Amino acid sequence: MSRIFVTGMGNISPQKTWGDGTLLAEITAYTTDRLSCVEPDYSQWFDPRQLRRMSRVLKMGVASGSIALKEAGIAVPDAIITGTGYGCLEDTGIFLTKLVENHEEALNPTPFIQSTHNTIGSLIALQLQCQGYNQTYTQDAFSFESSLLDAILMIKEEPALNVLTGGVDEITDYSHIIQRRFGKFTSDNTSNLDLFKNENGIVNGEGSTYIVLSGAKKDYHVCVESVATLYKADDAALRKAINELLGNSGLTAKDIGCLLLGTSGNERHDKVLLDHADQLFPQSTVGRYKHLCGEHPVASAFAFWLGVKILQEQTIPGAILMPGVQAASAPENILIYNQYGGTHHSFILLKSCRDSG
Amino acid sequence: MKGSVHVAGIGAITAIGNSVDECMRSFRQHTSGIGSITLFDSIHRGVLPVGEVKATNETLAANVGQPEYISRTALLGIQAAREAVASAGIDIAKWRTGLISATTVGGMDRTENFFPDFLQDNKKGKLHDVVNHACGRSTELIADDLGIHHFISTINTACSSSVNAIAYGTRLINHGMLDIVVAGGSDALSKFTLNGFNSLMILDREPCRPFDASRKGLNLGEGAGFVVIVSQRVLEQEKKKSLAVVAGYGNTNDAYHQTASSPEGRGSYAAMQKALAMSGLSLEAIDYINLHGTGTLNNDASEGTAVKRFFGEHLPKLSSTKAFTGHTLGASGGIEAVFSVLALTQQCVFPNLRFETAMPEVDIVPQQKFEETTVNHVMSNSFGFGGNCSSIIFSK
């Protein structure tokens, strides 16, 4: 069985997660319910004319993809696989608005063209002249997981491949207002950093994370062991899935040095994760991430980046720990346990593989 | 790859029929489903022909026992997916069953109703009109209806989406992760797509004429098509008949332009090449190609060139069924997969309606009559915006 190595990553998120610097050393605090990405200067990737036509989801997607490929030392990947929960919301909103305002007349096609979900992955292909496999998944909070699973299967089929895979989602003014009307977010001015003190609500987030995976060993030393998604699973099904996941990898709960929990701030949805962390992983250091990246369909892609960084740097940053929690020493295995809306649960198991040949 | 992945059931709802049998009858009778817009308001009503499914949301909702507001994409999907599962005659709850659906518009038909009020005042607009906006929601609604929890996924690679859904399902079965996959796609007509394609000036004001010299564009359609694919083990244990085998598939990117295909059809050529290589078949073995054949100047010239370059002397019988159904976008690969399986089970090829004169760019004369003939291997092409090209081969 071939191993799946992480050979490069690019991440744009509401924290500064690109460029040099210590992992999550400087944390950006927000007192609103909307966490927006800390974006790089895009002029290194696009000319001004291109930039004017591009929505943020496209800029973030192509830029984070480029960062990942550069880190992996790959000019053109063999496959590009993208996950996005909402797709290109900005262009969709622009076209819908014009459709209503102009009463279906004299419409500019550009936002329509750029509204389909596969625009992100196909723009990367177009920029790189990559004629290989190109795929886009959109399944709420399984979007990144679907992409990751496809990439893993591809490498199992052909270990020599270099696969670019990731998750991208943007917030727009419209999407934020609409989701807020559903009563999804915190309404007071609590800082995102205090999100889990009293489980008082969710903050909206966004982000773009691309990773390069390959069956060929690089000096990255981190492997993806497995990914699993469970739709509308009950407590028993989740416990069974955890046991299977660990068992299939020859691990037990105590081997999981760090558990990255996708608690969102919603008490009801978080309870099952917190209970499982307490009962099944009493020895693991529990870290959280949605106060840093916000809640969004591909938040697990942020967690993936975080988990790989922890394994690489062999240290768990304080910013993900609850007050008073002491981090365990360098974890060998990290389990990401994400949830979204209480209906979508997923697991990603990452493994340090320094010793393996 | 272990064993074969078989098609055990099919379901479809399109402008030419609310079931597989009805679609088949329309093919035999050369009855097109293209007509005027009747189901929604638009300034293009009476001007731009479309391929509407002949059922209102109310009727569809009543048929499947779901609320009308859940989005037409979901209603069409539920109807076709149920038909596919019923025709397979397998209790899918007994097996590790997944649903992989494809859609490009998702709940857009409801979102566009929400927007006029919302733009006036952002506290207005009925929230139940946007709750199912996301493409993945239509899949979840279909999964809930079929009782599928084990695995769900949605693909949106524009008009090639459904073929990718069937290919992904086949891979998941081959990797031993799933036993059964309900795979295909669903897309409803919407003002959003109608106006989008209109703004690109690629909609024909007459019923479309794929691969014809006089073609002026496509007609949008709607519908859903699903296949139930199963492992060899499921087929044997359930003692079911294989309708077809998924023999090969290819997914490539043209990487030429965001909407236009390269003149030589390099992406579509590569997709056909990959699919054929995986199938292990020779060029001559392909008996019929269900073309993407949208009826736009660009697609048909590019696809025709690629087909001609690829098959050379061995051009099989070929046709686009979009003159019957319209272009059903993300659903087209699923619907045309159902038609491809029908070509194998019914031993027939479908007519390319309204064809008169071959394109000057490439000399291809498609099948013009419904014909009963020997069909052992069928190729189906689906290409989309963003250069996404996919091709799939079904064998007897």
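The values are calculated or read from the model by the stated rules, or taken from the named source; none is laboratory data. Note that the coordinates shown come from a computational prediction; the quantities given were computed from them, not determined experimentally. Positions of Cβ are generated from backbone atoms using ideal geometry, with glycine treated the same way; all protein chains shown enter the neighbour counts. Surface accessibility is based on the protein's heavy atoms, side chains included, excluding ligands, DNA and RNA. Shrake-Rupley method; radii C 1.70, N 1.55, O 1.52, S 1.80 Å.
Some observations on this one:
- Net charge, A:L261 excluded, C-beta distance under 12 Å - Lys, Arg +1, Asp, Glu -1: 0
- Neighbours of B:Q237 by Cβ distance under 11 Å: Lys/Arg scored +1, Asp/Glu scored -1, total +1.
- Restricting the calculation to Cα atoms, the range A:146-274 shows an Rg/Rh of 1.02 when the hydrodynamic-style radius is the Kirkwood one.
- Charge dipole magnitude, Cβ of K and R +1, D and E -1 - chain B, Cα centre, debye nearest 20: 480 debye
- Summarising the strand pairing of the range A:222-352, around 65 percent of its internal DSSP beta bridges are antiparallel.
- Relative contact order, percent, chain B [alpha-carbon distance under 8 Å, six or more residues apart]: 23 percent
- For the range A:134-198, applying the loop criterion from DSSP together with a ceiling of 15 other beta carbons within 10 Å to the trypsin sites (Lys or Arg not before Pro) yields A:K197.
- Per-bin percent of Cα-Cα distances, the range A:222-352 [5 Å]: 2, 11, 24, 27, 22, 12, 3, 0
- Computed on the range B:326-393, the Cα convex hull volume stands at 113 Å³ per residue.
- For B:F151, residues with placed amide H under 5 Å, excluding near neighbours: B:L99
- Each Cα pair under 8 Å and six or more residues apart adds its separation to the average, and for the range B:244-395 the resulting relative contact order is 37 percent.
- Taking 1.567 mPa s as the viscosity and 4 °C as the temperature, the Stokes-Einstein diffusion coefficient of chain A based on its alpha-carbon Kirkwood radius rounds to 63 µm²/s.
- Compactness of the range A:1-48 as Cα Rg over 2.2 N^0.38 Å, two decimals: 1.55
- Pairs beyond 20 Å (Cα-Cα), from A:K70/A:K309; A:K232/A:K309; A:K98/B:K191: A:K232/A:K309
- Normalised contact order of chain A, rounded percent, pairs of Cα under 8 Å and 6 or more residues apart: 23 percent
- Packing-based order for A:50-61, B:171-182, using average beta carbon neighbours within 10 Å, highest first: B:171-182, A:50-61
- Dipole-positive endmost among A:L35, B:I100, B:Q232 within the protein assembly as shown (Cβ charges, Cα centre): B:Q232
- Per residue, the convex hull volume that the Cα atoms of chain B enclose (Å³): 122 Å³
- Note on chain A: helix-only mean residue ellipticity at 222 nm, from DSSP H runs of 4+ residues weighted -39500 (n - 2.57) and normalised by residue number, equals -10500 deg cm²/dmol.
- The dipole here belongs to the range A:4-214: it is taken about the Cα centre, uses +1 on the Cβ of Lys and Arg and -1 on the Cβ of Asp and Glu, and is about 200 debye.
- Rh by Kirkwood over Cα pairs, then Stokes-Einstein D for the range B:19-135 at 1.567 mPa s and 4 °C, µm²/s: 78 µm²/s
- Per residue, chain B reaches -10500 deg cm²/dmol at 222 nm when only DSSP H runs of four or more residues are counted, each adding -39500 (n - 2.57).
- Percent of C-alpha pairs per 10 Å bin, the protein assembly as shown, short to long: 3, 16, 27, 27, 18, 8, 2, 0
- Hull shadow area, averaged, the range B:5-238 [alpha-carbon convex hull, nm²]: 13.8 nm²
- Dipole of the range B:5-238 [Lys/Arg +1, Asp/Glu -1 at C-beta], most positive-end residue of B:S199, B:T31, B:T139: B:S199
- Computed over the alpha carbons of the range A:4-214, Rg followed by Dmax gives 17.9, 52 Å.
- Stretch in chain A that is longest and holds no GluC sites (Glu not before Pro) that DSSP places in a loop and that have at most 14 other beta carbons within 10 Å: A:106-357
- Normalised per residue, the accessible area of the protein assembly as shown is 33 Å², obtained with a 1.4 Å probe and no contribution from ligands, DNA or RNA.
- Among the listed pairs B:K94/B:K240; A:K59/B:K123; B:K216/B:K308; A:K59/B:K216; A:K16/A:K184, those beyond 23 Å (Cα-Cα): A:K59/B:K123; A:K59/B:K216; A:K16/A:K184
- Note on the protein assembly as shown: with charges restricted to the Cβ of Lys and Arg (+1) and Asp and Glu (-1), its dipole about the Cα centre is near 660 debye.
- DSSP-loop chymotrypsin sites (Phe, Trp or Tyr not before Pro) across the range A:91-196, with at most 16 other Cβ within 10 angstrom: A:F182
- Buried accessible surface for the A/B pair, both sides summed and rounded to the nearest 100, is 5200 Å² with a 1.4 Å probe.
- Derived scalar couplings ³J(HN,Hα) [the range A:155-168; Karplus, 6.51 cos²θ - 1.76 cosθ + 1.60; whole Hz; x for Gly, Pro]: 6, 5, 6, 9, x, 6, 6, 10, 10, 8, 9, x, x, 9
- Pairwise alpha-carbon distances in the range B:264-360 exceed 15 Å for 64% of all pairs.
- Counting DSSP beta bridges with both ends in the protein assembly as shown, the antiparallel % (nearest 5): 65 percent
- Of the beta bridges in the range B:5-238, as assigned by DSSP with both residues counted there, near 60 percent are antiparallel.
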